[in-house]
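Taking it in order: structure first as structure tokens, then the write-up.
The values are calculated or read from the model by the stated rules, or taken from the named source; none is laboratory data. None of the values given here were measured: they were computed from a predicted structure. FYI the Cβ positions are ideal-geometry reconstructions off the backbone, even for glycines, and counts take in every protein chain you see.
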Amino acid sequence: MKLRKIQLITSLLIQTTLVLMLFTSCSSNKPPMLVDKIDAKSEKDTMDVFSLAEQYYSDATVMIENEQYTDAIGLLDKSIGLLKKELEIESAKIMEKYSEEEHPYMNRTNNIYLNTDERINKIKWGIAMCYYRRGYSNQLLQNYEEAIDDYISLTKYTYGCYLPALINRGCAYYELGYYKHAIMDCVIAIELASDDPRPYYNKGKSEVALGNYEKAILDYNKAIEIDSLDPEHYLCRANAFARTGNYKSAFEDFDKAISLDDSISTVYSDRGYWKTVVSDYEGAIEDCNIAIALNPNLSSAYNNRGMAYYELNRIEKAKSDYFKAIELDSCNYQALSNIGNLLNKLGDYEEATTYYSRAISQQPENDTTYFNRGISYYYLKNYNEAIIDFTKAIELSPNFADAYRNRAIVYEALGLVNKATFDNKKYQELTNSGNEK
């Protein structure tokens, strides 16, 4: 008896456009300057008080602009240390000068009195901006946990939320997979700046990651309402539309993104992916060719073209593209899975398990990859491993009917009749109810 066929991985789109919009003060992706945040008089006063700290800060700014993020962090550490020491000194002076009864705003428990001192406030603002820059640098180094810590530390020295840090912290949460935290930061950012498209755009990203495609579309609608000239907004909404099965609207958005900027390789790569899904394989190949011409190092374009070749049964071309995708990005889950599928089709089951295992290491919660690896193990007569994989697929998706069916076949091969009967019954229940995966 043959197992149910391999299920192609089409649930996740590997693309470079999943990078969220970090807060920047200009299109060159440079962080905002400290001197942009205080008036000329305050800047002069601040330089008089802690010129060395500001020198470190200024040097760090230049390093950030030159992408020397690690060196910038070292200088910002020094600046923070100096400013914190200055803050301790100034705070102690105030506490010595006034008693709790003498100073109308003094409260030694929560330091409310400090909020009334202009010098203290300037020092705090300097510390906050150093934390912001350090968080920004950590984020660009993909040190997301450290970046979040910096943005949280910043809040101790500001009164209320600092929008740029809030937006960037949401981006860091997203990169770590903390999508609900990211959404919370975006919601607060929207309350602070409802006319800024970035929080809507970033929230849409997290909603997509959680499978909330309709919510994501609403967020992208708002981002487009605020800024109708950003092709990224249309690109992301296109992918969200496609995930809901609204391919007509999806392709309209892809076309709109291209009309705004025809040099974005990921637009063509993503459109090629969805053309494969709707069986327009030649159109998919054409789009991926354009994407590769624009960016020869775009891993997703090779993977997506490989999928189209696979469907056209041009196996060697598909295989070549999948391997190229992995050469460019060894963590490309979809390409790893698709190579496994291709090798299974060729009967190279041992090698297929290797690539499925690598894919699972990238996305350990994807039920389909366990299911497909279970098929490989079955044909290798490694029945125990096959059962483990089909069982894992069922744990991840309790309505995965084909996983029950395939596990039943393995049980039958082992002579475990009762277990096979149970799984076959479960398979029939799911398929008859229409609730199967």
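When you look at Lys156, is it over 25 Å from Asp185 (Cα atoms), part of a helix (DSSP H, G or I) and either within 38 Å of the chain's Cα centre (by Cα) or modelled with pLDDT of 75 or more (or both), yes or no?
no
Which pairs do you get when a residue that is more than 19 Å from Asn382 (Cβ to Cβ) and hydrophobic (A, V, I, L, M, F, W, C), found in the stretch 330-352, comes within reach of a residue that is surrounded by fewer than 23 Cβ atoms within 10 Å (Cβ to Cβ) and at pLDDT below 95, reach meaning Cβ atoms under 6 angstrom, with the pair 6+ apart or on two chains?
Cβ pairs passing all conditions: Cys331/Gln362.
Among the residues of the stretch 388-401, which ones are part of a loop (DSSP other than H, G, I, E, B) and surrounded by fewer than 24 Cβ atoms within 10 Å (Cβ to Cβ)?
Ser397, Pro398, Asn399
Those residues that are within 21 Å of Ala209 (Cβ to Cβ) and outside any helix (DSSP H, G or I), I need them from the stretch 342-387; list them, please. Explain how you work it out, then say what you get.
Here is the first cut: in the stretch 342-387, the residues within 21 Å of Ala209 (Cβ to Cβ) are 359-370.
Correct list: Gln363, Pro364, Glu365, Asn366.
So which residues in the stretch 417-437 are within 12 Å of Ala403 (Cα to Cα) and not in a helix (DSSP H, G or I)?
Once the filter is applied, which keeps residues that are within 12 Å of Ala403 (Cα to Cα) and not in a helix (DSSP H, G or I), the stretch 417-437 yields Glu436, Lys437.
Go through (1) in contact with a Leu (Cβ under 7 Å, 6 or more places away or on another chain); (2) closer than 29 Å to Asn295 by Cβ; (3) modelled with pLDDT under 95 and name the single condition Glu365 misses.
(2)
For the stretch 235-248, enumerate the residues that are in contact (Cβ under 8 Å) with a residue 12 or more places away in the chain and in a helix (DSSP H, G or I).
Step one: of the stretch 235-248, the residues in contact (Cβ under 8 Å) with a residue 12 or more places away in the chain are 235-244, 247.
Within the stretch 235-248, Leu235, Cys236, Arg237, Ala238, Asn239, Ala240, Phe241, Ala242, Arg243, Tyr247 meet the criteria.
For the stretch 324-341, name all the residues that are within 21 Å of Tyr370 (Cα to Cα) and either polar (S, T, N, Q) or surrounded by fewer than 24 Cβ atoms within 10 Å (Cβ to Cβ) (or both).
Of the stretch 324-341, the ones within 21 Å of Tyr370 (Cα to Cα) are 326, 330-341.
Matches in the stretch 324-341: Ile326, Ser330, Cys331, Asn332, Tyr333, Gln334, Ser337, Asn338, Asn341.
Mind checking which residues of the stretch 254-292 are in contact (Cβ under 8 Å) with a residue 12 or more places away in the chain, surrounded by fewer than 24 Cβ atoms within 10 Å (Cβ to Cβ) and of a type in the set (Gly, Ala, Ser)?
Ser263, Ser265, Ser279
Could you say which residue among Tyr411, Tyr379, Tyr356, Tyr404 is under 25 Å from Tyr310 (Cα atoms), at pLDDT 95 or above and surrounded by 21 or more Cβ atoms within 10 Å (Cβ to Cβ)?
Working: Tyr411 fails: under 25 Å from Tyr310 (Cα atoms); Tyr379 fails: surrounded by 21 or more Cβ atoms within 10 Å (Cβ to Cβ); Tyr404 fails: under 25 Å from Tyr310 (Cα atoms).
Within the list Tyr411, Tyr379, Tyr356, Tyr404, the selection yields Tyr356.
Starting from residues that are assigned to a helix (DSSP H, G or I) and among the basic types (Lys, Arg), keep the ones in the stretch 293-320 and report whichever is surrounded by the most Cβ atoms within 10 Å (Cβ to Cβ). So that I can check it myself, show each step before the final result.
Residues of the stretch 293-320 assigned to a helix (DSSP H, G or I): 293-294, 299-311, 315-320.
Going one step further and asking which of them are among the basic types (Lys, Arg), we end up with 305, 317, 319.
Details: Arg305: 30, Lys317: 16, Lys319: 18.
Per the stated criteria, the residue is Arg305.
Name the one entry in Ile409, Ile339 that is closer than 30 Å to Ala301 by Cα, in contact with a helix residue (DSSP H, G or I) (Cβ under 9 Å, 6 or more places away or on another chain) and part of a helix (DSSP H, G or I). Even if it seems obvious, please write down each step before you answer.
Details: Ile409 fails: closer than 30 Å to Ala301 by Cα.
None of the others qualify; the one that does is Ile339.
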